[in-house]
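Taking it in order: structure first as structure tokens, then the write-up.
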Amino acid sequence: RMSRHAQQLRDHDINPCVAETDASRKCMDDNNYNKNMCTAYFLQYKSCRKFWHDVMMQRKRNGVKPVMPSAEERKKMLESMG
């Protein structure tokens, strides 16, 4: 059974970077934990986290709740950006 924290990390409404997390983990598994082979995945994860953190901070400043948009709302936001 997963801990509550682990469940939250798997929850697409809470963690906008589940796909990037999974891709990084898979790369590490596939490459015998050679981090050098997975740099691109780590950078994707990092930019995902930064992007959504910035969105959260902006929403917080504007008094928008919840500060993290739902998975559905995030999908629409990304689609509108192209």
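Hey, could you get me the Stokes-Einstein D for the chain, Kirkwood radius over alpha-carbon pairs, 10 °C and 1.306 mPa s, rounded to whole µm² s⁻¹?
So the translational diffusion coefficient is about 113 µm²/s.
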Check your understanding: Arranged from highest to lowest average of other beta-carbon atoms within 10 Å per residue, in what order do the peptides 44-51, 61-68 appear?
Key -> 44-51, 61-68
Practice item. Can you find, among 64, 82, 27, the residue farthest towards the positive end of the dipole of the chain? Put +1 on the C-beta of Lys and Arg, -1 on that of Asp and Glu. Key: 64
Revision key, fill the gap. Net charge near residue 51 (other residues with Cβ under 11 Å of its Cβ; Lys, Arg +1; Asp, Glu -1) is +2
**Study point:** Greater than 29 Å apart at Cα, pairs in 50/76; 46/76; 35/76; 26/76; 26/50
**Key:** 35/76
Exercise for review: Highest first, please rank the peptides 5-12, 70-77 by the mean number of other Cβ atoms sitting within 10 Å of their residues.
Suggested key: 70-77, 5-12
Study note, to complete from the structure: In nm, the gap between the two label points placed 7 Å beyond Cα toward Cβ at residue 49 and residue 72 is 2.9
Check your understanding: How much net charge surrounds residue 34 when only the other residues with a Cβ under 15 Å from the Cβ of residue 34 are counted, with Lys and Arg +1 and Asp and Glu -1?
Key -> +1
**Study point:** Apportionment of accessible area to carbon and sulfur, the chain, percent (1.4 Å)
**Key:** 54
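The values are calculated or read from the model by the stated rules, or taken from the named source; none is laboratory data. Owing to the predicted nature of the structure, the values given are computational and were not obtained by experimental measurement. No Cβ is skipped: glycine too gets one built from the backbone with ideal geometry, and neighbour counts run over all protein chains shown. Ligands, DNA and RNA are excluded from the accessible area calculation, which covers all protein heavy atoms including side chains. Shrake-Rupley method; radii C 1.70, N 1.55, O 1.52, S 1.80 Å.
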